[in-house]
Amino acid sequence: MEDSASPPPILVAHLFPALEELLIELLASLAPGEWEAQTIVPGWRVKDVAAHLLDTPLRKLSIVQDGYSREAPAIASDSDLAALVNCLNAEGVAVYGRLSPGLLISLMELASRESAAYHLSLDPFSPAAFPVSWAGERQSLNWFDTAREFTERRHHQQQIRLAVNRPGILTPQLYHPVLDCFMRALPHCYRNLPAPAGTLLQFDISGNCGGTWWLLAGQDAWTLRTRPIGDRAARTTIPQEIAWRLFTKGINQASAEAQISIEGNSKLGSQVLQLRAIVG
């Protein structure tokens with residue numbers, strides 16, 4: 001029998017076209033100098049982030065749709081995976097960063113359509129080609145990998161918007177699923193933090209796109225719940241404006257700590273600051 005207190009799957013494949021349309025509109029609106037603006041990603045300008053957004057869907061489609069990939073090194077640890085991803089990302093930015101803005105946008109339109117169609121074609125409950133490693137999974141279902149992909153498309157677009165002072169994507173339809181996906185990493189984030197079984201933690205992301213997530217300590221592991229079960233030991237509130245930056249290494253620790261609030265056990269409540277929903 002399915003546990004009604006467990007979080008439901010995050011189904012976002014149908015939302016890719018809307019998110020990608022916003023990306024194309026954003027890139028098309030950039031003045032020449034804005035392509036050179038520095039983003040919150042160290043060493044990456046707007047042009048570099050856009051190049052990354054072109055590289056990743058093309059690379060993934062080559063592997064999962066066409067079965068084409070060059071030989072990859074053995075992955076024996078999380079650090080091996082991070083090193084590989086960082087290397088591939090740097091290569092992609094170097095290659096596609098050479099393109100003119102106009103050509104980059106044209107290719108992005110193609111990559112966006114192909115990627116959206118691919119994710120929509122998947123059975124969300126079949127095994128995914130890649131696990132969501134930052135959530136501690138060795139095998140994921142398609143819905144989770146698709147949701148992970150959606151978070152990446154959104155937070156990189158947001159980096160560009162922040163760099164060129166464009167309004168952020170703060171609509172419940174396109175931002176809440178991203179936050180929900182990030183929070184699925186809570187059990188992995190807390191895996192090494194002991195607490196008596198029955199300890200309950202509450203996480204609120206404030207704002208119209210946010211929500212509340214509950215984390216419950218069991219005998220051997222923490223689990224996410226959709227409603228409170230047990231005695232609450234801590235409540236952490238994070239503003240939605242910084243949540244995406246916090247979980248993608250886009251804000252420093254001191255600045256994040258100054259903007260969140262914790263009630264109750266501060267050690268338990270503050271561990272969420274270590275949550276990272278990216279690789280590398």
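The values are calculated or read from the model by the stated rules, or taken from the named source; none is laboratory data. Computed from a predicted structure; not experimentally measured. Ideal geometry is used to build each Cβ from the backbone, glycine not excepted, and the neighbour counts take in all protein chains shown. Protein only, heavy atoms only, side chains kept; ligands, DNA and RNA dropped before computing areas. Shrake-Rupley method; radii C 1.70, N 1.55, O 1.52, S 1.80 Å.
Identify all residues within region 179-216 that are in contact (Cβ under 8 Å) with a residue 24 or more places away in the chain, of a type in the set (A, V, I, L, M, F, W, C) and in a strand (DSSP E or B); write none if there are none.
Hits for region 179-216 are LEU200, LEU201, PHE203, ILE205, TRP213, LEU215.
Can you confirm whether SER106 is open to solvent by less than 60 Å² (accessible area, probe 1.4 Å), among the polar types (S, T, N, Q) and modelled with pLDDT of 95 or more? Spell out how you get there, then give the answer.
On the way: open to solvent by less than 60 Å² (accessible area, probe 1.4 Å): no; among the polar types (S, T, N, Q): yes; modelled with pLDDT of 95 or more: yes.
When the stated conditions are applied, SER106 does not pass them.
Pairs under 7 Å by beta carbon, first residue closer than 18 Å to PRO57 by Cβ and modelled with pLDDT of 75 or more in region 67-81, partner in a helix (DSSP H, G or I) and open to solvent by less than 90 Å² (accessible area, probe 1.4 Å), six or more apart or different chains?
Matching pairs, first to second residue: TYR68/SER62; SER69/SER62; SER69/ILE63.
Out of the residues in region 54-83 meeting the condition of being of a type in the set (D, E, K, R) and open to solvent by 70 Å² or more (accessible area, probe 1.4 Å), tell me which one is nearest to VAL164 (Cα to Cα).
So, considering only residues that are of a type in the set (D, E, K, R) and open to solvent by 70 Å² or more (accessible area, probe 1.4 Å), the one nearest to VAL164 (Cα to Cα) is ASP78.
What are the pairs with Cβ atoms under 9 angstrom where one residue, in region 260-272, is on the phi < 0 side of the Ramachandran plot and assigned to a strand (DSSP E or B) and the other, located anywhere, is open to solvent by 60 Å² or more (accessible area, probe 1.4 Å) and at pLDDT 95 or above? Sequence gap at least six, or different chains.
Note: pairs meeting the criteria are SER261/ARG235; ILE262/ARG235; GLU263/ARG232; GLU263/ARG235.
Within region 151-185, can you find the residues that are in contact with a His (Cβ under 8 Å, 6 or more places away or on another chain) and open to solvent by less than 10 Å² (accessible area, probe 1.4 Å)? Steps first, please.
If we filter region 151-185 for residues that are in contact with a His (Cβ under 8 Å, 6 or more places away or on another chain), which is where we start, we get 156, 178.
Answer for region 151-185, where residues must be in contact with a His (Cβ under 8 Å, 6 or more places away or on another chain) and open to solvent by less than 10 Å² (accessible area, probe 1.4 Å): just VAL178.
From the list ALA18, ALA28, ALA51, which residue is touching a residue at least 24 places away in the same chain (Cβ under 8 Å), open to solvent by 50 Å² or more (accessible area, probe 1.4 Å) and in a helix (DSSP H, G or I)?
Checking each option against the conditions leaves just ALA28.
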